[in-house]
Amino acid sequence: MKILKDFNFENKKAIIRVDFNVPLNDEFKVTDATRIQAAKSTIIDILEQGGSCVLMSHLGRPKGVQDQFSLRHIVAKATEILGVNVKFVDDCVGEKADEAVTNLEAGEILLLENLRFYDEEKKGDKDFAEKLAKHGDIYVNDAFGTAHRAHASTTIIAQFFEDNKCFGNLLTREIESIDKVLNNSEKPVLAILGGAKVSSKITVIENILDKVDHLIIGGGMSFTFIKAQGGKIGNSICEDDKMELALDLLKQAKAKNVQVHIPVDVVAADDFSNDANQQILDIDKIPDGWEGVDAGPKSREIFDGIVNQCKTILWNGPLGVFEMESFAGGTIALGHSIDKATKNGTFSLVGGGDSVAAVKQFGFADKVSYVSTGGGAMLEMLEGKSLPGIEAILK
Ligand code: AMP
C-alpha cells in the first residue's frame, strides 16, 4: 500500500482528490469545516517537502455550472485552516485551469472549481480523467467519503499515474482503522449496530459475524428482532418483511459463536415527539399506542458491561432517536461507556452516518480512537466490499 511517506514531493506537483464537500449556510459560509481540517495533514506534509498542491473536490449536487455550488465559497475558510493562501481557478479542466497549474510554484496551493460542474466526473469519463491527471506529477487520493465511487477524480484518474500514486494521510488512517477492527483486531471484538433499519445493515451484519465476538443490536432495528421472536412491540418501528431474515441472522450468529445482545428494556413514548409521555418498559411488552424510542436503564447497564470487556469496538448507528433530547440518553450513555473503555486501552472506531453526528453532538468525537469521515464508504468496507477508489491506488 503506497502512502505519502513513500514519495519525495520536492518540486513536484501533487494532484490531490480531497473531500471539501462541506455544508454552507444561506450566506455561503462554511458551517462545519471538519473535512477541510481532515485534509490538512496531507497538504502540509507535501508543502513542507517543497511540493505544490492542486486540490480537486466536488461540492453538493450541481446540475451543470451553478454558482451556489462553486468551491470559491470555501477559499477563505480553507486559507484560514491551512494557514497558507489558497489560490482558486474557476474551472477544473481547460485552458484557464492548465495555465493556473503551470504558474503554481513550490509551496503553493491551488483549488480547482467543482468537479461536478462536468457530468463527466460522475460518469467516470476517461478523457476527463486524463485532463485532470495532467495537473500533477503524483496523484494523491485523500477523499474517503467518495472512495466507494468510480468517478473520474476518485478512481479513473489513477490509471494515468502507473506508480506515481498514493493514499493521503486521511485515507491511510481510515484504511488502517477499519483494518484494525476487521482484520487485525485485539479480542474480544464488539460491534454495535444501531439506527433505524435492519434492511440497510443486513450485509454489514452478515460480514461482521465472522469478525466479532459480541454484537449489540440497538435502536429501531432491534424491534424487528424482538417481534420476530414473538415479543410485543406496540407501535415501534419494524420491518415485518425482514423478520425471517432477523431470525436467520441470529441463527448464523449462534453457529459462529457470536454473542448477540439486544436491549431488554426501552424508553417508550406515546408519540414520536420530544415532549411525549414516557415510561420504561420491557422491550417485548410494549402495549399498542406506545413505541420504543431509546434503550432503557437496564440495557444501558448491560451494554456498559460488555463494552468494558472488549478490546476492539466498532460503533455504527445510534441506540435511540438521539435527535430528540428526551430520547438521546441511551446513545449518550453508550458514548460514556466507550469513552471509559478507550481510556483503558480499547480501540474504538465510530463510523457511518448518524453515529458520527451523534458523537460530535454529544462531545465524544475526541474521546474515541477514531471517527471515520466516510458514511457510505465506511458501510461498504464493513460489508466486505473493496472500494474502487482504494483498488485504483493498489493496482
Ligand atoms: P441509520 O441511518 O440507519 O443509522 O439510522 C439512524 C436513525 O435511526 C436516527 O435518525 C435515529 O433517530 C433513528 N432511530 C434510532 N432508534 C430509533 C427508534 N427506536 N425508533 C425510531 N427511529 C430510531
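The values are calculated or read from the model by the stated rules, or taken from the named source; none is laboratory data. Everything numeric here is computed off the predicted structure, so don't read it as measured data. Glycine also receives a Cβ, built like all others from the backbone with ideal geometry; neighbour counts cover every protein chain displayed. For the accessible areas, the whole protein counts, side chains as well, though only heavy atoms, and no ligand, DNA or RNA atoms are used. Shrake-Rupley method; radii C 1.70, N 1.55, O 1.52, S 1.80 Å.
Within the option set Ile46, Ile15, being more than 24 Å from the chain's Cα centre (by Cα), among the β-branched types (Val, Ile, Thr) and open to solvent by less than 10 Å² (accessible area, probe 1.4 Å) holds for one residue only, Ile46.
Looking only at the stretch 150-171, filter to residues that are assigned to a loop (DSSP other than H, G, I, E, B) and open to solvent by 50 Å² or more (accessible area, probe 1.4 Å); which one of those is nearest to Ser369 (Cα to Cα)? The qualifying residue nearest to Ser369 (Cα to Cα) is Ala150. The number of residues in the stretch 376-390 being open to solvent by 30 Å² or more (accessible area, probe 1.4 Å) and in contact (Cβ under 8 Å) with a residue 40 or more places away in the chain comes to 8.
Within the stretch 292-313, residues that are in a strand (DSSP E or B) sit with their Cβ atoms under 6 Å from residues that are surrounded by fewer than 18 Cβ atoms within 10 Å (Cβ to Cβ), at 6+ positions apart or across chains, in these pairs: Thr312/Glu186.
May I ask you to list the residues in the stretch 129-149 that are farther than 18 Å from Phe20 by Cα and either in a loop (DSSP other than H, G, I, E, B) or in contact (Cβ under 8 Å) with a residue 40 or more places away in the chain (or both)?
Result: Ala133, Lys134, His135, Gly136, Asp137, Ile138.
Against the list (1) away from the ligand (no atom under 16 Å from the Cβ); (2) touching a His at 6+ places or on another chain (Cβ under 8 Å), the condition Glu380 fails is (1). Checked against (1) over 20 Å from the mean Cα position of the chain (by Cα); (2) modelled with pLDDT under 95, Gly145 meets all criteria but (1).
Taken together, the residues in the stretch 18-37 that are in contact with a Ser or Thr (Cβ under 6 Å, 6 or more places away or on another chain), within 24 Å of His151 (Cβ to Cβ) and open to solvent by 30 Å² or more (accessible area, probe 1.4 Å) amount to 1.
Go through the residues of the stretch 65-73 one by one and say whether even a single one is surrounded by 15 or more Cβ atoms within 10 Å (Cβ to Cβ), more than 22 Å from the chain's Cα centre (by Cα) and not in a helix (DSSP H, G or I). Scanning the stretch 65-73 turns up at least one residue that is surrounded by 15 or more Cβ atoms within 10 Å (Cβ to Cβ), more than 22 Å from the chain's Cα centre (by Cα) and not in a helix (DSSP H, G or I).
Quick one: is Ile280 within 16 Å of the ligand (Cβ to nearest atom), open to solvent by 40 Å² or more (accessible area, probe 1.4 Å) and either modelled with pLDDT of 95 or more or assigned by TED's automatic domain parsing to the domain that holds Ala191 (or both)? Spelling it out, Ile280 is indeed within 16 Å of the ligand (Cβ to nearest atom), open to solvent by 40 Å² or more (accessible area, probe 1.4 Å) and either modelled with pLDDT of 95 or more or assigned by TED's automatic domain parsing to the domain that holds Ala191 (or both). Across the stretch 228-261, the number of residues qualifying as within 16 Å of the ligand (Cβ to nearest atom) and open to solvent by 70 Å² or more (accessible area, probe 1.4 Å) comes to 4. Residue selection: Leu249 satisfies the criterion of being assigned to a helix (DSSP H, G or I) and in the same structural domain as Val267 (by TED's automatic domain parsing).
Taken together, the criteria exclude Gly289 from residues that are at positive phi and touching a Ser or Thr at 6+ places or on another chain (Cβ under 9 Å). Return the residues of the stretch 189-227 that are touching a Cys at 6+ places or on another chain (Cβ under 9 Å), within 16 Å of the ligand (Cβ to nearest atom) and open to solvent by 10 Å² or more (accessible area, probe 1.4 Å); say none if nothing qualifies. Passing the criteria: Gly220, Ile226, Lys227. Exactly one residue out of Asp265, Asp270 is of a type outside the set (A, V, I, L, M), outside the structural domain of Thr42 (by TED's automatic domain parsing), within 19 Å of Val321 (Cβ to Cβ) and open to solvent by less than 20 Å² (accessible area, probe 1.4 Å), and it is Asp265. Just for the stretch 339-357: of the residues that are among the aliphatic types (A, V, I, L, M) and at pLDDT 90 or above, which one is nearest to the chain's Cα centre (by Cα)? Here the residue is Val350.
Exactly one residue out of Glu174, Glu186 is surrounded by 16 or more Cβ atoms within 10 Å (Cβ to Cβ), in contact (Cβ under 8 Å) with a residue 12 or more places away in the chain and acidic (Asp, Glu), and it is Glu174.
Just one of the listed residues (Ala129, Ala106, Ala147) is open to solvent by 30 Å² or more (accessible area, probe 1.4 Å), among the aliphatic types (A, V, I, L, M) and more than 15 Å from Leu55 (Cβ to Cβ), namely Ala106.
Residue count for the stretch 319-373 satisfying the condition of being surrounded by fewer than 21 Cβ atoms within 10 Å (Cβ to Cβ) and within 13 Å of the ligand (Cβ to nearest atom): 9.
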